[in-house]
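The structure appears below as structure tokens.
The values are calculated or read from the model by the stated rules, or taken from the named source; none is laboratory data. Treat the numbers as computed from the prediction; the structure is a model and nothing was measured. Cβ coordinates were reconstructed from backbone atoms using ideal geometry, including for glycine residues, and neighbour counts include every protein chain displayed. To get the accessible areas, we keep the full protein, side chains included, count just its heavy atoms, and leave off ligands, DNA and RNA. Shrake-Rupley method; radii C 1.70, N 1.55, O 1.52, S 1.80 Å.
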Amino acid sequence: SFSFFPPPAVATPAIPVLALLYFLYGLGFWLADVIADSLVAEKAKLEPEGQKGKLQSTCYACRFFMLMVGAAFATYAYDALSPRFMFWLMALAPVLVCVPATYVLAEIRYADVPSVKAQSLEIWSSVTSRSVW
């Protein structure tokens with residue numbers, strides 16, 4: 001009989017499993033985005049007054065550009081390469097980029113740390129302030 005859809009592959013995952021995997025993918029992507037945004041925001045605080053906003057706009061432009069490059073590459077790669085190779089490429093690419101980048105993210109700060117009593121009083125004044133309640 002005629003069908004619009006090709007026959008399923010031998011090891012096709014069930015719909016609930018596929019939905020869970022897509023949910024976990026989206027959750028991981030969202031968490032990574034939040035972490036990247038917070039790192040950029042913290043680094044942006046250290047920018048000189050005349051440079052404010054330049055770091056964030058550069059990061060967003062680079063992110064957009066690389067998403068476009070990645071989409072074009074993925075379109076070609078999914079047709080030309082095996083799914084197993086694509087899985088390993090997508091699994092290892094973030095590790096190969098992020099592990100060396102941790103060296104760049106290391107910060108050495110020589111700030112005075114207030115005593116526990118001073119920190120506790122600051123927290124207490126924040127909690128009891130009228131703007132919180």
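Tabulated data
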item: Selection within the range 18-45 - without any contact (Cβ under 8 Å) to a residue 40 or more places away in the chain, open to solvent by 80 Å² or more (accessible area, probe 1.4 Å) and in a helix (DSSP H, G or I); result: LEU20, LEU21, TYR22, PHE23, LEU24, TYR25, PHE29, TRP30, LEU31, ILE35, GLU42
item: Residue within the range 80-101 that is of a type in the set (Lys, Arg) and farther than 23 Å from GLY28 by Cβ present; result: no
item: Residues of the range 46-82 satisfying the condition of being within 15 Å of ALA36 (Cα to Cα) and open to solvent by less than 90 Å² (accessible area, probe 1.4 Å); result: LEU55, GLN56, SER57, THR58, CYS59, ALA61, CYS62, ARG63, LEU67
item: Any hit, the range 53-71, residues being assigned to a helix (DSSP H, G or I), free of Cβ contacts under 8 Å to residues at least 60 places away in the same chain and more than 18 Å from the chain's Cα centre (by Cα); result: yes
item: Selection count where residues are farther than 30 Å from GLY70 by Cβ, part of a helix (DSSP H, G or I) and not acidic (Asp, Glu), scope the range 83-133; result: 11
